[in-house]
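Step one of this worksheet: look at the structure below.
The values are calculated or read from the model by the stated rules, or taken from the named source; none is laboratory data. Please read these numbers as outputs of a predicted model, since none were measured by experiment. Here the Cβ positions follow ideal geometry from the backbone for every residue, glycine too, while neighbour counts run over all protein chains shown. Heads up: the accessible areas ignore ligands, DNA and RNA and are worked out on the full protein's heavy atoms, side chains in. Shrake-Rupley method; radii C 1.70, N 1.55, O 1.52, S 1.80 Å.
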Amino acid sequence: MKIFSGLDRLYLALLRVMLRRLVRATVVDEQIDAPGIDRGRPIVYALQMRQISTLLIVDDVVRELGLPEPLLPLLSGAVKERRSFFFLTNNGQPTPLRRNPYVYSSRLRRLIEASLEDAAVDVQIVPVSVFWGRGPATRKDTVIRALFADSWRPPGRFRQAIRVLLHGRETLVKFSAPVSLREAVGAADPATAMRRVGRLLRGRFKRERELAVGPDLSHRHTVINNLVDSTSVQAAIAAEAQRNNTDPGREELRARRYAYEIASDYSYPVVRAFIVVLSVIWDRIYDGVRVYRFDTIEKISGAGQGAGIIYVPCHRSHIDYLLLSYVIYRRGLQPPHIAAGANLNMPLLGGLLRAGGAFYLRRSFRGNPLYAEVFTEYLHAILSRGFPVKYYIEGGRSRTGRTLSPKAGMLAMTVNSFLRDQERPLAFVPVYIGYERLFEGDSYLAELAGKPKRKESLLALLGTVRKLRERWGNVYLNFGEPIPLQPFLDEKWPAWREFAARSPADQIAGSPDDQLEVERRETINELARRVVTRINEAVVINPVNLLAVSILGAARPAMDAELLAQQIDLLKQVLIDAPYSSCMQVTELDGAAVVRYAEEFKLLDRVAHPLGDILQVAPAQAEKLAYFRNNVLHAFAMPALLACLISQNEQLEPPELVRVARQLFVFLRGELHLASESERLDARIAACLDALRAAGMAREHGTWLTPPDPSTRESIALHALANTIRLSIERYVLAVATLVRSGSGVLGVSELEEYCCLLAQRLSLLHETGGPEFCDRAVLRSIIDTLIDTGMVTVVEKRLHFEQELVSVARDAQYLLPADTRLAIAHAGQLARAATEPEVTAGLEEPVA
């Protein structure tokens, strides 16, 4: 290898002087005494790729460590080399255009040949890695420094020069354990020995770079080639060609286009640049990013070596995409690949998000089996390689503030990937994300009022820039209890290994009535329910949540200032005395501090009055506050349900209260995704009753439970707490009353949903009930699904049938709702019955579609 001759020595001398001024190299502490190097045997240093700056840095470091210098000759028996180092490859990284992807060092080839010819030759090969910008930080990161940070892509000369200038003083040098050349080559022929040693050294360099930089995600073309060549995708290509009577090459091209549409193009420099920009943005718009229970992720790494992490957060805002990845990166973990909707794959932004780890999926795969297979195979590829993944199990952003019903599609593909390859354990990490103000607040209200959703575009994105000047409060992330997949399958589906033993083709071709296939679907649905339940268990009760629950529970969104502070304290104490879960976090602010915070945040207006100041919700804020009440509605659900029963009944025996609470809890559980363990339900009811008693909101007179005196602050707090859940109960009673009055076997699921939606709109207009969210179709559909799941309603020939049990359940509404509300719902039910009568008559003559 002729690299130093003539003027080269002068060039090296000048370059060395320059590097010593620009570079400060750090060696990992435990490697300072050299990592197991035998100084009595010849040493040759291996560097991954041809970079003179890297060689000179290594030369200076080994001098400081007292090791043989790489620029000195290597003389040992038959080995006579001018230098004691080699660059493993001279052509950077392979590409599909090269027939021979690796061109190895000629010096390495001569050392291997000498080792094979003379058994006495035994040279130690010491792999040395140099990482720019990974040593102890001496300067604040900037976008430019981030873009030129070390990555997997080999830099050109210009990029390497800029990298040295920007990151030279934060350089990290790592020595791998030495490789015995004699043991590595064995008795193989020279060509085989070269491939064996090359593969061994590439593996060492890869592991060191993964530890320093993260996994290699930059070879998008390699991932896509492997994906298209996979057995499952090739089978899908053949099936499409046969079905469409087209050329297989044309279908393969279509599959490749799908893969390019889907796959991320991960770039570490772009990720670091994102982090720099986001740090500035978060500091500007948020008072703080508060993170709880991040250490729970350590449970996953402790559960199994190389466990794959799937982050499953709730979805409140487009900010979620960036916020969670930012938090994960800042705490030293690899940012996840993010499943993003194809609507975000717009010009410029789509490419930036793709470089930050986003992979795109269409809203629906229906009618396109080739696209579905390509996407499934891509997800399997990144999971099996150990890359963390993030997707939203709700499928879209919540417009009401509640956690939406889970969409099990991505979960099913994740479980199927594990069933194909169980070598790497997987674990789901639920994440709760809470805000005090939303960028999309106005658009959510417009959509709930019936306006069409605005399509994402660059113009709309630029329109949000002006919002960066506003104050958006704090944002909260709480990491819930992880769900390791294999223990979950062992618990819920003991026969999963039998299913996994089937060939992939047999798994796909299984009959829908096959018992194992039925169990697989049921297990995935149960996993989806557990994920959303764990998300809700990680709830963070922030000051805006407490304010919303307190003031929106009043008859009007206004209260005496002192009374409001006291009520917030009472409700907070109920949560502390009867916590929803062990993961739940509650703001440390007391009632008075919450009120001050809300005034500073311009959520409340203060009206001076001689008898005491009045606080009222600022104009246009009441409906927005409902969103933040709904964020935490599940945490208040049980105490609010009990408060509803106590406030509406002067005397109520505890056994009857528990009976009604248990019966109605079933419907709240479906709508609010509450923990469903029946054995814990009685304990939960008892704990909430004790908390209400301790707060003075429930009193005992002999064997009766009674509400507090109406003139007390405890009575006001009791009614405010009851009102938080009343909309949910009204929707439930509306659905049941509509179904009962229409009659058994009259309505179908879609018809009942439509009638309930129309009646809810009518009630909202006539009685100012709940605003736009009261008519949310998704929530009404979840109530109908719950009626079916509990067996109270059965579907026979697409018609809903029920027994007397449902009628008795409807009568329990007298325990929960005021008389005027019951009367309004009864009148609405009469309208529904009148609307269905023509269909009933027609049904006698002609079946209803």
Among the residues listed as A832, A819, A828, the single one being open to solvent by less than 30 Å² (accessible area, probe 1.4 Å), hydrophobic (A, V, I, L, M, F, W, C), farther than 30 Å from K407 by Cβ and at pLDDT below 70: A828
Every pair of residues 6+ apart whose Cβ atoms lie under 6 Å, when the first sits in region 557-582 and is more than 17 Å from L547 (Cβ to Cβ) while the second is of a type in the set (A, V, I, L, M, F, W, C): D577/A691; D577/A694; A578/A687; A578/C688; A578/A691; Y580/A635
Identity of the residue in region 734-752, part of a helix (DSSP H, G or I), hydroxyl-bearing (S, T, Y) and in contact (Cβ under 8 Å) with a residue 12 or more places away in the chain, that ends up farthest from E797 (Cα to Cα): T738
Neighbours by Cβ (under 6 Å, 6+ apart or cross-chain): first from region 288-301, more than 20 Å from F488 (Cβ to Cβ); second at pLDDT below 90 and surrounded by 17 or more Cβ atoms within 10 Å (Cβ to Cβ): V289/W282
Residues satisfying the stated conditions in region 553-571, i.e. modelled with pLDDT of 90 or more and open to solvent by 30 Å² or more (accessible area, probe 1.4 Å): D560, E562, L563, Q566, D569
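Of all residues in region 708-733, count the ones that are in a helix (DSSP H, G or I) and either open to solvent by 30 Å² or more (accessible area, probe 1.4 Å) or among the aliphatic types (A, V, I, L, M) (or both).
Taking region 708-733 as the starting set, the residues that turn out to be in a helix (DSSP H, G or I) are 713-733.
Next cut, either open to solvent by 30 Å² or more (accessible area, probe 1.4 Å) or among the aliphatic types (A, V, I, L, M) (or both) only: 713-714, 716-723, 725, 727, 729, 733.
Looking only at that region, the number is 14.
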Top-ranked residue of region 165-192 - restricted to ones that are among the β-branched types (V, I, T) and within 36 Å of the chain's Cα centre (by Cα), ranked as farthest from R202 (Cα to Cα): T171
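Might you check whether a residue that is modelled with pLDDT under 70, closer than 30 Å to H719 by Cβ and in a loop (DSSP other than H, G, I, E, B) occurs anywhere in region 774-791?
If we filter region 774-791 for residues that are modelled with pLDDT under 70, which is where we start, we get none.
Taking every residue of region 774-791 in turn, none turns out to be modelled with pLDDT under 70, closer than 30 Å to H719 by Cβ and in a loop (DSSP other than H, G, I, E, B).
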Those residues of region 70-100 which are modelled with pLDDT of 50 or more and of a type in the set (A, V, I, L, M), in sequence order: L71, L72, L74, L75, A78, V79, L88
Residue match in region 620-642 (condition: more than 29 Å from L404 (Cα to Cα) and open to solvent by less than 30 Å² (accessible area, probe 1.4 Å)): no
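Among the residues of region 254-294, write down those that are of a type in the set (S, T, Y), touching a strand residue (DSSP E or B) at 6+ places or on another chain (Cβ under 9 Å) and either open to solvent by 40 Å² or more (accessible area, probe 1.4 Å) or part of a helix (DSSP H, G or I) (or both).
We begin by selecting, within region 254-294, every residue of a type in the set (S, T, Y); these are 258, 260, 264, 266-268, 279, 286, 292.
From what is left, the residues that are touching a strand residue (DSSP E or B) at 6+ places or on another chain (Cβ under 9 Å) are 264, 266, 286, 292.
The answer is Y292, and nothing else.
Residue by residue through region 537-596, note down the ones that are assigned to a helix (DSSP H, G or I) and under 28 Å from the mean Cα position of the chain (by Cα).
Narrowing region 537-596 to residues assigned to a helix (DSSP H, G or I): 537, 543-551, 561-577, 591-596.
Residues satisfying the conditions are E537, P543, V544, N545, L546, L547, A548, V549, L575, I576.
Answer yes or no as to whether A695 is over 30 Å from A622 (Cα atoms), in contact (Cβ under 8 Å) with a residue 60 or more places away in the chain and among the small types (G, A, S).
Considered against the rule, which asks whether it is over 30 Å from A622 (Cα atoms), in contact (Cβ under 8 Å) with a residue 60 or more places away in the chain and among the small types (G, A, S), A695 comes out as no.
Please tell me if I541 is among the β-branched types (V, I, T) and in contact with an Asp or Glu (Cβ under 8 Å, 6 or more places away or on another chain). Write out each step before concluding.
Values: among the β-branched types (V, I, T): yes; in contact with an Asp or Glu (Cβ under 8 Å, 6 or more places away or on another chain): no.
Considered against the rule, which asks whether it is among the β-branched types (V, I, T) and in contact with an Asp or Glu (Cβ under 8 Å, 6 or more places away or on another chain), I541 comes out as no.
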Residue list for region 598-618, restricted to those being loosely packed, with under 14 Cβ neighbours inside 10 Å and either under 34 Å from the mean Cα position of the chain (by Cα) or within 15 Å of N545 (Cα to Cα) (or both): E600, K602
When residues of region 647-692 are limited to those that are touching a residue at least 12 places away in the same chain (Cβ under 8 Å), of a type in the set (D, E, K, R) and outside any helix (DSSP H, G or I), the one surrounded by the fewest Cβ atoms within 10 Å (Cβ to Cβ): E650
Helices (runs of 4 or more DSSP H) within region 168-253 that include 2 or more residues among the small types (G, A, S) and open to solvent by 60 Å² or more (accessible area, probe 1.4 Å): none
Residue selected from region 326-364 under the condition free of Cβ contacts under 8 Å to residues at least 12 places away in the same chain and not in a helix (DSSP H, G or I), by the criterion farthest from the chain's Cα centre (by Cα): S364
